[in-house]
Amino acid sequence: MLATLVDKPHDEPGWIYEIKWDGYRALAFRNEELTELKSRNDKSFNQKFYPIYEAVQNWNINAILDGEIVVLNDDGHADFGALQNWRSEADGDLIYYIFDLLWLNGKDLTPLPLVERRAILKQIIPNEGVIRLSENFETTGSEFLPLAQQLGLEGIIAKRSDSPYLPGERTTDWLKIKANKRQEVVIGGYTINKGSSKPFSSLLVGVYKNKKLIYTGKIGTGFNDKKQKEMLAQFKPLVIPQSPFETVPDINKPSRFRPNPPEAVAVWLKPALVCEVSFNEMTSDGVMRHPSFEGMRMDKTAREVALENETPVETIVDEKHVLREKKIIRPAGKKSRKTLLNPTDETQVRDIDGHSIKFTNLSKLYWPDEGVSKRDMLNYYYQVAPYILPYLKDRPQSLNRFPNGIHGKSFYQKDVTGKVPDWVDTYLYHSSDEEDVDKHFLVVQEEASILLMASMGCIELNPWSSRIQKPDHPDWCIIDLDPDKNSFDQVIEAARVTKQVLDSIKVPSYCKTSGSTGLHIYIPLGAQYTYEQSKEFGRVIATLVHREIPKYTSIERIVSNRNGKMYIDFLQNRPKATLAAPYSLRPKKGATVSMPLHWDEVKKGLKMTDFTIFNAIDRIKEVGDIFKPVIGKGIDLKKISAKL
């Protein structure tokens with residue numbers, strides 16, 4: 001059902017008002033196993049706007065609904081440009097505003113009055129999430145439109161409260177009043193100005209009238225170079241030798257604003273693409289004044305684009321007055337990271353921290369048995385980045401690369417000289433095994449570095465224990481419980497004994513799963529002591545723990561001397577030694593995660609597979625970063641040594 005454009009608002013009773021959302025109109029179909037999300041021209045939105053599709057798919061209803069898909073900015077306003085460029089949830093918050101219900105549980109609701117349809121809709125609409133009710137307001141047009149203009153909205157919609165739903169009809173029961181002038185237009189070509197370095201100078205656009213494309217003007221503003229390059233890629237297969245317009249436009253015609261316009265040449269296009277423009281007014285000869293590009297319209301076909309003429313509102317209603325105030329817009333809500341990369345494109349480019357990173361081979365399975373792809377891994381690191389960054393920032397990284405997944409050949413890379421972009425920070429070191437060879441560790445400074453490492457196949461992230469500001473002074477001491485023929489219950493018992501030893505000397509400790517077979521126990525040092533001091537402190541703790549449970553533990557460095565016992569490893573506390581960071585994925589069966597634990601979780605029944613790529617983010621959101629004290633104030637080693 002389509003609305004009629006009118007020239008001004010009215011105050012006739014019996015009408016309700018809605019926001020005219022600046023987005024894509026979409027019908028949702030949900031019936032048992034069938035879910036479809038479609039545009040006005042019957043184009044599938046299932047993959048394009050997959051979070052909306054999934055939300056409809058998970059909605060336990062059998063219904064057909066009508067609404068608008070938008071991207072909301074921080075103020076709750078629809079951003080059409082952001083919607084047009086939306087590729088994944090990293091590009092903005094998608095919302096599906098539903099304003100009508102056409103069918104429910106096998107019953108056709110279209111003959112019912114609008115207010116009855118909306119009353120039923122309000123009963124089934126979700127309380128939270130990306131599906132929302134598009135609120136209606138019992139007010140007057142003359143009151144509502146100025147408020148919409150003040151709030152920067154595209155316009156308002158007026159609907160007769162008793163109107164049925166008439167599919168496919170443009171009816172005067174629904175009216176649209178625009179806050180500023182907007183028009184959908186067909187792109188019939190573009191110009192290139194002589195001597196200009198821009199990809200193109202302006203778009204040549206028009207509308208259909210009596211099946212003929214009528215020229216309505218040149219659009220030279222509203223797009224940047226990046227957008228122009230994207231558009232040129234769309235234009236390339238549509239180039240034709242002759243103008244598609246009924247009358248060939250004079251692209252070099254002088255105006256009072258540009259009496260000597262730059263010399264331009266036209267490239268003509270098959271009239272297949274639709275965009276939207278804003279403009280000041282339409283001249284008497286049908287040309288838009290001061291048009292500005294707003295975005296491409298993938299939901300409209302070129303042949304249906306006609307000039308929208310405003311109908312005098314007096315021909316439809318008589319003006320009267322009634323008012324009720326109501327809050328009309330709200331932001332998307334508390335932001336939470338979802339995905340960086342969309343689920344379809346094999347190669348994607350994203351801007352992260354001001355750096356452009358190209359992600360490739362995204363469907364390659366990194367964990368084949370679990371069906372986890374490189375795309376899934378990158379989306380995980382995007383979501384976990386704010387939590388893992390404090391344990392990586394300013395720290396040199398030892399890259400363990402798995403370019404073909406966990407079953408493929410892997411290799412360690414410490415020197416990244418000439419192997420990473422110029423914006424990546426590095427740490428210079430001199431190799432002891434190669435004379436006069438300077439090498440560079442990659443140093444994480446921001447989230448972009450994390451995602452770059454992941455894009456290079458670094459399934460796990462392995463930082464130094466120290467930062468480049470104090471490279472010889474680690475931030476923590478580690479006790480690594482590394483089982484051999486031991487059960488995991490024995491590892492858990494060893495961890496509990498380690499905590500008892502540390503508690504007895506009032507040393508705080510924090511435990512995490514390794515993501516492999518063992519447990520890691522961290523003791524905060526606050527970068528106050530050297531690696532040698534950290535190692536010797538670790539040696540003392542390991543020795544005390546071993547004395548408590550000698551039957552199945554060992555502190556022997558040589559594997560053959562351990563006789564299959566669990567190794568209490570304190571030698572990780574040395575320069576350049578690394579362990580998987582908290583929240584790091586591991587290249588192990590199950591796509592496990594090195595997960596921080598509350599000590600009361602370290603008990604019989606705990607399994608390494610309790611924490612995987614599938615549930616880690618939900619857990620972190622629930623409990624927060626419980627490992628944070630590890631990088632806080634360190635222990636007083638001098639006082640503690642006196643107790644030993």
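Overview of results
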| quantity | calculated |
| --- | --- |
| R0 of 35 Å, Cβ-Cβ distance LYS229-LYS607: FRET efficiency to nearest 0.05 | 0.10 |
| Residue (of ALA266, ASN85, PRO164) at the positive-pole extreme of the chain, dipole from beta-carbon charges | ASN85 |
| In region 374-446, GluC sites (Glu not before Pro) in a DSSP loop with at most 16 other beta-carbon atoms within 10 Å | GLU434, GLU435 |
| Relative packing of peptides 409-416, 459-466, 48-55 - highest average C-beta neighbours within 10 Å first | 459-466, 48-55, 409-416 |
| Positive-pole candidate from TYR97, GLY76, LEU109, dipole of region 71-110, charges at beta carbon | LEU109 |
| Mean Cβ count within 10 Å, highest first, over the residues of peptides 634-640, 601-607 | 634-640, 601-607 |
| P(r) weight above 22 Å for region 1-159, C-alpha pairs, percent | 43 |
| Euclidean distance of C-alpha centroids, region 38-75 and region 93-154, integer Å | 14 |
| Size of charge dipole - region 417-535 - debye, nearest 20, with Cβ of Lys, Arg +1 and Asp, Glu -1, no other charges | 600 |
| Computed E for VAL267/ASP422 - FRET, C-beta separation, R0 35 angstrom, nearest 0.05 | 0.45 |
| Simple spin-label estimate for THR311 and GLU32 in nanometres, 7 Å along Cα-Cβ | 4.1 |
| Most positive-pole-ward Cα, ALA454, LEU428, PHE411, against dipole of region 352-509 from beta carbon charges | ALA454 |
| Surrounding net charge for GLY189, when Lys and Arg each add one and Asp and Glu each subtract one, Cβ distance under 14 Å | +1 |
| Degrees separating the helix 141-150 axis from the principal Cα axis of the chain, which is the longest one | 40 |
| Rg/Rh for region 557-644, where both radii come from Cα atoms and Rh is the Kirkwood radius | 1.02 |
| Region 476-641 shape via C-alpha gyration tensor axes, a/c threshold 1.5 | oblate |
| Compactness index (Cα Rg / 2.2 N^0.38 Å), region 366-447 | 1.28 |
| Over region 377-509: Rg over Rh, Cα atoms, Kirkwood Rh | 1.03 |
| Mean Cβ count within 10 Å, highest first, over the residues of peptides 401-407, 106-112 | 401-407, 106-112 |
| The chain: C-alpha gyration tensor shape, a/c 1.5 cut-off, then a/b vs b/c | prolate |
| Two-site label geometry, ASN62 and ASN46: point separation in nm, points 7 Å out along Cα→Cβ | 2.0 |
| Cα-based Lys pair tally, region 2-178, threshold under 14 Å, eight or more apart or on separate chains | 7 |
| Cα centre as origin, Lys/Arg/Asp/Glu Cβ charges: region 364-420 dipole, Debye | 220 |
| Calculated [θ] (222 nm, deg cm²/dmol) that DSSP helices of n ≥ 4 give over the chain, each run adding -39,500 (n - 2.57) | -5500 deg cm²/dmol |
| Efficiency of FRET from Cβ geometry, ASN210 and ILE240, R₀ 22 Å, rounded to 0.05 | 0.55 |
| Convex hull (Cα only) mean projected area of region 96-155, reported in nm² to one decimal | 5.3 |
| ASP22 long-range amide H proximity, modeled H, under 5 Å | ALA78, GLU154 |
| Total charge dipole magnitude, the chain, about the Cα centre, Cβ charges on Lys, Arg, Asp, Glu only, Debye to nearest 20 | 1280 |
| Region 182-310: proportion of alpha-carbon pairs further apart than 26 angstrom, % | 13 |
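Where a number appears in this text, it was derived from the coordinates with a stated rule and is not lab data. This structure is a prediction, so every number in the text was calculated from the model and none was measured. Positions of Cβ are backbone-derived with ideal geometry, glycine not excepted, and every protein chain shown enters the neighbour counts.
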